[in-house]
Structure formats: structure tokens, C-alpha cells
Amino acid sequence: MSARTCIITGSGQGIGRAVALHFASRGYRVGLAERNEAAAHEVAAEIANAGGTALAIPMDVTDAASVNAGVARVTSAFGGVDILINNARWSGLAPTPVQDLADADWRQAMEVNVTGAFHCIRAVAPAMIEARWGRIINMSSATVRKPPSRPYVHYITSKAALIGLTRSLAQELGQHGITVNALLPGAVETGVARPNGLSDADREKNARATQAIPRVLRSGDLAGAAFFLASEDAGFITGQSLAVDGGFSFG
């Protein structure tokens, strides 16, 4: 069992929820950072009912003040933050050709997916540096390595920026005992509706056609990878981008 504390953004549903449940079941104290406060409270109750410890935190990652307040709440409740998992993302726009992409949609992808991660890292870094220990995990995407045929330039560009952020901060923070890595999920079944028009059958068909492991990635598949990167066993791994995509992008 662990006495460490982690903050997971976007943890009210999908990947974030699965990762939160995984960490909590192994003794971690979990800060559930979520814009949808009701969803965060539901996950917190689920964790508490299973004997774990969690705190629901209303947080908008695009708002630095909101992030700072959320990190302060977790620090006050649990004594610090050891692990940050930047999972919050925006991918709400349907496939859109670049010539039709609105400025507002481009900015939204960058604000949530990139600036949001920066806000969270900046907020937790001082305490991690003081403690000389920390784990930061950024949720990128396998589409950075192998873009799909449909036009998602806003989303893919924002997720590529996270890899640059990961590498830069791995170099900067390594001297303080902090590792920074990225996970690159493939097409994942999160249970959350997305505007891409694909049915469950379509996703299964695509998985069989494009992956070495012929099934759709599940949220729980990412939890083990995140748990490893957050562990002592991964203390000499930093600046890396680990694809969890069933072999979609290794070719």
C-alpha cells in the first residue's frame, strides 16, 4: 500500500476515472480534478465505498487560479502532491478540414490540452522540487505517431505539443528527482460519446485492421501503464513517450 498522493485531471469519467480507481485501489490518495464537479463526487464516492481515499476538486485546467486553488486543497487535505496525471483533454470537434477549422476551436484544443497541462505542472512543481521526488504523466495520443485519415489537425497538434512539453520538463526537472513521461493511447473505448460518427462495430473493425492486438483499447488498459510510470520501479525512466495502442503505431 502507498501513502503517496496523486492528482488526476479529467477524472470524472473515461480514462481518468479508470486511472483514479486503479490508483485508489492500491492505496494512493487521489485528488479528482474535474470541471464536472458532480461527476468527480460520484467517483469519490465509488472510491470511498471500496475503502479508498479520494477528494473531489472542482477544477478548470484552462484557468490558472482554479488550478492553483485545487492543488492547494489537495495539499491541505493530504499533505502534498507526489504524482500528477494530466488527463483532461478537449477533442469535442468532429473531423474538420484545416480550411474549415475555426479559430475558437483551435484555441480550445490548445487551451485545454496544452496550456491546461502547463498550468497543472507549474502548480505542483515547487513542492515536488522541495521533496526531491515527483512523477508527472502527460496523456498524449498515438495519433501523433500515426495520424488517422480523417482531419484532426487541432487535436493531433495539441497532443504533439505535449510530447515537447514532456521532453523539455524531463530535462529540466530530472535533477530534482522528478520524472516526466507521456502516454500515447490509441483509439480507446471510454464510454464517453464523441463526435466522430464511429459506432462500436466500426471501432472494433478498425482495431482488427490496424492493430497487432485486435481489440479496442479500454480505459483500464491505460491504468496499469500509468501506475508503472508513477512507481519507484520507473524512477530511471523519463522523457519517454509510451504508446499503449495495441501495436497501432509501431510500424
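So that you can scan it fast, the table gives a plain yes or no per residue for (1) buried (at least 17 other Cβ atoms within 10 Å of the Cβ); (2) touching a strand residue (DSSP E or B) at 6+ places or on another chain (Cβ under 7 Å):
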position	(1), (2)
96	yes, no
104	no, no
108	yes, no
113	yes, no
117	yes, yes
124	yes, yes
132	no, no
136	yes, yes
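Please state which one of 18, 39, 44 is surrounded by fewer than 21 Cβ atoms within 10 Å (Cβ to Cβ), of a type outside the set (Ser, Thr, Tyr) and under 20 Å from the mean Cα position of the chain (by Cα). Walk me through it before giving the result.
Details: 18 fails: surrounded by fewer than 21 Cβ atoms within 10 Å (Cβ to Cβ); 44 fails: surrounded by fewer than 21 Cβ atoms within 10 Å (Cβ to Cβ).
That would be 39, the only listed residue that is surrounded by fewer than 21 Cβ atoms within 10 Å (Cβ to Cβ), of a type outside the set (Ser, Thr, Tyr) and under 20 Å from the mean Cα position of the chain (by Cα).
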Quickly run through the stretch 10-21 and pick out the residues that are touching a Gly at 6+ places or on another chain (Cβ under 7 Å) and either within 24 Å of residue 132 (Cα to Cα) or not in a loop (DSSP other than H, G, I, E, B) (or both). 14, 16, 18
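Quick check on this structure: which one of 52, 31, 10 is surrounded by 24 or more Cβ atoms within 10 Å (Cβ to Cβ), free of Cβ contacts under 8 Å to residues at least 60 places away in the same chain, of a type outside the set (A, V, I, L, M, F, W, C) and in contact with a helix residue (DSSP H, G or I) (Cβ under 7 Å, 6 or more places away or on another chain)?
31
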Failed item in (1) farther than 22 Å from residue 182 by Cα; (2) surrounded by fewer than 16 Cβ atoms within 10 Å (Cβ to Cβ), with residue 92 passing the rest: (1)
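This table checks each residue for (1) under 15 Å from the mean Cα position of the chain (by Cα); (2) closer than 24 Å to residue 246 by Cα.
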| residue | (1), (2) |
| --- | --- |
| 115 | yes, no |
| 121 | yes, no |
| 127 | no, no |
| 153 | no, yes |
| 165 | yes, no |
Some residue of the stretch 177-195 being more than 27 Å from residue 211 (Cβ to Cβ), of a type in the set (Gly, Ala, Ser) and touching a Phe, Trp or Tyr at 6+ places or on another chain (Cβ under 8 Å): yes
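Among the residues of the stretch 61-74, are any hydroxyl-bearing (Ser, Thr, Tyr), out of contact with any Ser or Thr (no Cβ under 8 Å at 6 or more places or on another chain) and crowded, with 24+ Cβ neighbours inside 10 Å? Give the steps one after another, and end with the answer.
If we filter the stretch 61-74 for residues that are hydroxyl-bearing (Ser, Thr, Tyr), which is where we start, we get 62, 66.
Narrowing further to those that are out of contact with any Ser or Thr (no Cβ under 8 Å at 6 or more places or on another chain): 66.
After this cut, where a residue has to be crowded, with 24+ Cβ neighbours inside 10 Å as well, the list is none.
No, the conditions are met nowhere in the stretch 61-74.
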Residue pairs meeting the criteria (Cβ under 9 Å; at least 6 apart or on separate chains; first closer than 10 Å to residue 15 by Cβ, in the stretch 209-221; second among the hydroxyl-bearing types (Ser, Thr, Tyr)): 218/190; 219/190
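Take the conditions modelled with pLDDT of 95 or more and exposed (fewer than 14 other Cβ atoms within 10 Å of the Cβ) and apply them to residue 149. Does it pass?
On the way: modelled with pLDDT of 95 or more: no; exposed (fewer than 14 other Cβ atoms within 10 Å of the Cβ): yes.
So residue 149 does not fit the description; no.
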Would you mind telling me which numbered condition in (1) modelled with pLDDT of 95 or more; (2) surrounded by fewer than 22 Cβ atoms within 10 Å (Cβ to Cβ); (3) closer than 25 Å to residue 63 by Cβ residue 192 fails? (1)
Among the numbered criteria (1) touching a residue at least 24 places away in the same chain (Cβ under 8 Å); (2) not in a helix (DSSP H, G or I), which single criterion is violated by residue 149? (1)
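The values are calculated or read from the model by the stated rules, or taken from the named source; none is laboratory data. Model, not experiment: these values are computed from the prediction. Neighbour counts are summed over all protein chains in view; Cβ atoms, including those assigned to glycine, are modelled from backbone coordinates with ideal geometry.
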